[in-house]
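Visitor: I have a structure here, written as structure tokens, and I will follow up with some questions on it.
The values are calculated or read from the model by the stated rules, or taken from the named source; none is laboratory data. Just so it is clear, the model here is predicted, and its values are computed rather than measured. Here the Cβ positions follow ideal geometry from the backbone for every residue, glycine too, while neighbour counts run over all protein chains shown. The area values use the complete protein model at the heavy-atom level, side chains included, leaving out ligands, DNA and RNA. Shrake-Rupley method; radii C 1.70, N 1.55, O 1.52, S 1.80 Å.
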Amino acid sequence: MDLIVAADRAGLVKARDALGPGRIALVPTMGALHEGHRSLIRLAREHADHVVVSVFVNPLQFGPGEDFSRYPRTFDADLRTCEEEGVGVVFAPSADDMYLPDRQVEVSAGGMGGVVEGAFRPGHFDGVLTVVLKLFNLVRPDLAVFGQKDAQQLALIRRMVADLDVPVSVVGAPTVREPDGLALSSRNRYLSEADRRTALALSRALRAGAARAGTAGPAGILDAARAVLEEAARFDPPLLLDYLILADPATFGPVGDDHRGEAILAVAAKVGTTRLIDNMVLTL
Ligand code: PAF
């Protein structure tokens, strides 16, 4: 079946009905699709008969001074990617179509939305959850696939689905990395060569922390990761650390010394004008 492009909510309803019977998987994106998105789409295809990809740069999740206006928009290339990956429908609404001019109600991400990444980006996760819930209601998928790269986002979406009884299964997909370790991100295209060299410290720090997971407690893991980040703070351009945390995946609070099981070693930093995040799931 040819790829159907739905440019508004009314078009989406028609396109969804045209898909016919079978399970539907949604892959929400903000476009600028890369190999990481391809892996989400492939995972979606393993779980469903039809894949819907949304391409929408959601203004609600960008704060003042963030990169909403310069966020990469590569719609023609995104459509080619979706065609190559066997996507059934691309839903690419405008902001005016997505949000009613007199809208009032938003999803609140609660306390877990205000810590770690949320402490640096107030309101960000409210904006993410609001658009994701709208996409769930519009597409009515059986399941939706999100990358582990945005670990707190994935945890909050799982929380929203549980707390609000949303009838969608959430599937997490592993982070895809460049051969040198850099996690794929649409924002990587902002990086100069020098920025990129500094940016590699993020994944190096996570690996250094992960290497201590079998033998050290949270403090030892964080010390190993922090040493790499401190070295990169002296590079040109320097790495400017926002946070490094070993977080409980259920709450995103810092893990205690007695924590056992999975923990997320998460980092965010600015390199040049670009802000990057990365994480690894460790077992303590
Ligand atoms: O991860 C993203 O690209 C966005 O936060 C999402 C989930 C598409 C919501 O706008």
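Visitor: So, in the range 258-284, of the ones that are more than 23 Å from residue 230 (Cα to Cα) and in contact (Cβ under 8 Å) with a residue 12 or more places away in the chain, which residue ends up most open to solvent (accessible area, probe 1.4 Å)?
Guide: Ranking the qualifying residues of the range 258-284, first place goes to 260.
Visitor: Turning to a different aspect of this structure: Pick from 192, 108: which is farther than 30 Å from residue 49 by Cα, polar (S, T, N, Q) and without any contact (Cβ under 8 Å) to a residue 40 or more places away in the chain?
Guide: On inspection, the qualifying residue turns out to be 108.
Visitor: Has the range 193-208 got any residue that is part of a loop (DSSP other than H, G, I, E, B) and open to solvent by 20 Å² or more (accessible area, probe 1.4 Å)?
Guide: no
Visitor: With (1) away from the ligand (no atom under 15 Å from the Cβ); (2) assigned to a loop (DSSP other than H, G, I, E, B); (3) of a type outside the set (Phe, Trp, Tyr) as the list, and residue 46 as the residue in question, which single condition is left unmet?
Guide: For residue 46, the failing item is (2).
Visitor: So, one more: State all residues of the range 132-170 that are away from the ligand (no atom under 12 Å from the Cβ), among the aliphatic types (A, V, I, L, M) and not in a helix (DSSP H, G or I); if no residue qualifies, say none.
Guide: 143, 164, 166, 168
Visitor: Does the range 241-257 contain any residue that is without any contact (Cβ under 8 Å) to a residue 24 or more places away in the chain and either open to solvent by less than 50 Å² (accessible area, probe 1.4 Å) or over 25 Å from the mean Cα position of the chain (by Cα) (or both)?
Guide: Taking every residue of the range 241-257 in turn, at least one turns out to be without any contact (Cβ under 8 Å) to a residue 24 or more places away in the chain and either open to solvent by less than 50 Å² (accessible area, probe 1.4 Å) or over 25 Å from the mean Cα position of the chain (by Cα) (or both).
Visitor: Among 78, 67, which is of a type in the set (D, E, K, R), closer than 25 Å to residue 178 by Cβ and surrounded by 18 or more Cβ atoms within 10 Å (Cβ to Cβ)?
Guide: On inspection, the qualifying residue turns out to be 78.
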